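One structure below.
The values are calculated or read from the model by the stated rules, or taken from the named source; none is laboratory data. Only a predicted model underlies this, so the values are computations on that prediction, with no experimental measurement involved. Quick reminder, even Gly has a Cβ in these numbers, built from the backbone with ideal geometry, and neighbours come from all protein chains shown.
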Amino acid sequence: MATPAENADLIIRDIHATVADKEILRGVNLEIRKGETHALMGPNGSGKSTLANVIMGHPSYKVTQGEIIFKGHNILELSPDKRARMGLFLAFQYPSSVPGVTLSNFLRSAYAARKEGYDPAKPETATGAAPKKKSLNPTEFRKLLQSKMEILKVDNTFLSRYLNEGFSGGEKKRAEILQMAILQPEIAVLDETDSGLDIDALRIVAEGVNALRGPNMGSLIITHYQRLLNYITPDIVHVMFKGQIIRTGGRELALELEEKGYAWLTGESEDAA
Ligand SMILES: Nc1ncnc2c1ncn2[C@@H]1O[C@H](COP(=O)(O)OP(=O)(O)O)[C@@H](O)[C@H]1O
Ligand SMILES: [Mg+2]
């Protein structure tokens, strides 16, 4: 279906979405190619996290108009699991803990599912059931895990801990970035909007993203503040306001926002930026 003019890996076209019957996204257009790092900025309540949830297929967010094309396929009807298997990744702002599941086991099943993949052209082949054990070569997985752990400077003892249970903010971020490294997404969405991240956690996220950055991954870094962009240099910066992207520019746009706040773009009096 993809024509040469539509060769971006993720195409968000005229997306309108509601949450609790309230229209939050009001015609969002955005295209991301592998190899590109996009930043999505904007005042609180603009709809940035809503967009991340819509991309991933969170059931509370209802798309009322528009389409999302990933690798040439409209993915709006697909479950979050299938989107992930195809190579979309969303890093949560507040990851939940899973007592009883070690990080290592969690990463192993996530990797197996991702390797099994999902082809929307042959939907009957994927059941959405847990991936078969045989699709995973343990030696290959070990090697991959060790190499990623080295790159991200993650300690071995970390792997035997229960997922996110008692993890510090920084450890949660590390686990999340390690998950991203293992899943090798084609498009990664990182929502870091809130001020909750301390400087160490920011560095972890930034170092991880920078280490994984390359021609095979595109990313959308969502951030209210420009400070994360001191560590991750975006290629393209978008500003969202009231459910629409009102400005797109280069990295200098982020610096301009840092200096002037959002009011000069939104035309509103100074917000809590
Ligand atoms: N689960 C939800 N239930 C009700 N309202 C929501 C929900 N998620 C987001 N909203 C509303 O959608 C608007 C945009 O929120 P959000 O997407 O979180 O913005 P941002 O991430 O830019 O701060 C806000 O008015 C928020 O209250
Ligand atoms: Mg948000």
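General observations
- Qualifying strands (runs of 3 or more DSSP E) (wholly inside segment 207-273; at least 1 residues being under 22 Å from Gly66 (Cβ atoms), charged (D, E, K, R) and over 17 Å from the mean Cα position of the chain (by Cα)): 244-249
- Restricting attention to segment 34-65 and to residues that are hydroxyl-bearing (Ser, Thr, Tyr) and more than 9 Å from ligand 1 (Cβ to nearest atom), the residue that is surrounded by the fewest Cβ atoms within 10 Å (Cβ to Cβ) turns out to be Thr64.
- Some residue of segment 178-186 being touching a residue at least 40 places away in the same chain (Cβ under 8 Å), in a loop (DSSP other than H, G, I, E, B), within 16 Å of ligand 2 (Cβ to nearest atom) and touching a strand residue (DSSP E or B) at 6+ places or on another chain (Cβ under 8 Å): no
- Qualifying residue in segment 228-250 (condition: within 15 Å of ligand 1 (Cβ to nearest atom) and acidic (Asp, Glu)): no
- Hey, Glu31 more than 9 Å from ligand 1 (Cβ to nearest atom), at pLDDT below 95, acidic (Asp, Glu) and out of contact with any Cys (no Cβ under 8 Å at 6 or more places or on another chain) or not: no
- Which listed residue is within 16 Å of ligand 2 (Cβ to nearest atom), among the hydrophobic types (A, V, I, L, M, F, W, C), farther than 20 Å from Leu253 by Cβ and touching a residue at least 12 places away in the same chain (Cβ under 8 Å), from Leu25, Leu10, Leu40: Leu25
- If you go through segment 164-177 and keep only what is part of a helix (DSSP H, G or I) and either out of contact with any helix residue (DSSP H, G or I) (no Cβ under 8 Å at 6 or more places or on another chain) or not hydrophobic (A, V, I, L, M, F, W, C) (or both), you end up with Gly169, Gly170, Glu171, Lys172, Lys173, Arg174, Glu176.
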